[in-house]
Amino acid sequence: MISTTLNPTSMKTIRPGLRPLALAVAAGLLLAGCASAPPRAEAPALELPAARWSDAAAVPAASAAALPAWRDLVRDARLREVIALALEHNRDLRVALLGIEQARATYQVQDAARRPTLNATGSSSASFTPAEASSAGRDTLNRSYSVGVGISAWELDLFGRVASLRDSALQSWLNTEAVQRATRLTLIGDVATAWLTLGADRRQLALARRTLASQQDTLRLTERRQALGAASGLTLAQTRTTVETARGQVAVLESQVQRDRNALELLVGRAVPEALLPTDADTDEAAALVGLPDALASTVLLRRPDVIAAEHLLQASRADLEAARSARFPRISLTASAGTASRQLGDLFAGGAWSFVPSVSWPILDGGTIEAGVARAEATRDIRRATYDKAVQTAFREVADALSVRAALAERLDAQRALVQAWSRSLTLAEARFRAGADSWLTVLDAQRSLYAAQQALITLELAEQSNRITLYKVLGGGGDADR
């Protein structure tokens, strides 16, 4: 309870016409301070798995700390610069930031309703009555002036209705902040993925062009051998088939690279300088992201922006329920004014007038409107509770999926690199056997196609490994405060 003390000495200094207004305000503040505020909503309790995502039996607290910030996650300086450009120019992120400003203003409007609004008024009027219409038998000119201050329909929040609405607006504001963080985290991940995809497709294009050049050299050599009678027409036709296939793949990849760049620039929100783009000379290690901690507590998921956003919506629904329940109780409002009026402008402040109009509204018969509102608020609360639970469960599933993919990626990469080396060796031997006349040209073509496919698969798998790190970073909720 808030205690308010009125000093009689200070009250004497208030003009007689304003004393009732001052008393009304003081009484209202006293009653509002004594009003019981709605219970503060607590964070929903969930039964989280006690196990940690690690092969170790126990994880030290230090190693289960928060994830690194995105600038520490990204090794390549070009990619860091591109992400920074996206955070500055992306339109979706800008809309999310404006949404925060909108929600903040809504909260400020609702918070202002808890305090009285003092309005000042002033008016002047003049009227003329001719002698023919005047009871006095002469022309009459009447003037009047008035000024005043007053409080209009200020609700005393004795049962916490206004405070609950304020808390609901606050939670909605916090929800928009969490949504903005989720948008920012998604943008960071999408830009990194788009940049790495562009780099991988440029490497694929470079590989296709090298393969096409090699096939064209082989075709020219085969044409000379066929002219000399050392190669058959079938061998020449088979060689031309591989050249045309490689040329078609180059055309497809050139188009794909351009689409990749367009997608990246859409995410960034502006054109990306060529110096900041990946090149076909980049290796997997040059563009790699740093590794994530091997051990993380499962409770880190409660810091995910989407989980936090769902929690704030749940808290807002609880506040809305308290406001709906408060509608069952009387609503007390105060309207008070004090001022002065005079027929002469010089005598305007000689006297005073005041009015004090408290009012009580208590619903008796409303056709069940209030109870229906309470039932609707309860249903909304239950829906948002289920939504919050689903958000947490989805977070666990997404992390589990990302970890299950990651568990086999290292072995798959080792196997794919070994496969590329094996097919490279097979091609060398097939070409030697063909030149020695011990094998057909078809064996060489098969080895070439297999090597090319293995090299393409290796680039794709390296991209998948990098993308998995980004996915894991996103589903774990990013680097916390560092990513704000």
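The values are calculated or read from the model by the stated rules, or taken from the named source; none is laboratory data. Note that the structure is a prediction, hence the values are computed from the model and not measured. Because the Cβ atoms are built from the backbone with ideal geometry, glycine has one as well, and the counts that use them run over all protein chains shown. Keep in mind that these areas ignore ligands, DNA and RNA; they rest on the heavy atoms of the full protein, side chains included. Shrake-Rupley method; radii C 1.70, N 1.55, O 1.52, S 1.80 Å.
What is the local net charge at A402, summed over the other residues whose Cβ is closer than 11 Å to its Cβ (Lys, Arg +1; Asp, Glu -1)? Numbers along the way, then the final one.
Values: positive: R397, R406, R469, K474; negative: E398, D401.
So the environment of A402 carries a net charge of +2.
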Practice task
Pull up all non-local amide H partners of A231: gap of 5 or more, or a different chain, and H-to-H distance under 5 Å with H placed in the peptide plane.
Solution key: Q226
Handout entry: Full-extension gain in nm, T121 to R412, via 0.36 nm per residue minus C-alpha separation
Key = 96.8 nm
Exercise for the section: For the range 243-282, report the convex hull volume of the alpha-carbon atoms normalised per residue, in Å³, without decimals. Expected result: 73 Å³
Handout entry: Cα extents of the range 155-211 along the three principal axes, largest first (Å)
Key = 81, 11, 9
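If you roll a 1.4 Å probe over the range 193-248 with all protein chains in place, what percent of the accessible area is carbon or sulfur?
Working: 1490 of 2830 Å².
In the range 193-248, the share of accessible area belonging to carbon and sulfur is 53 percent.
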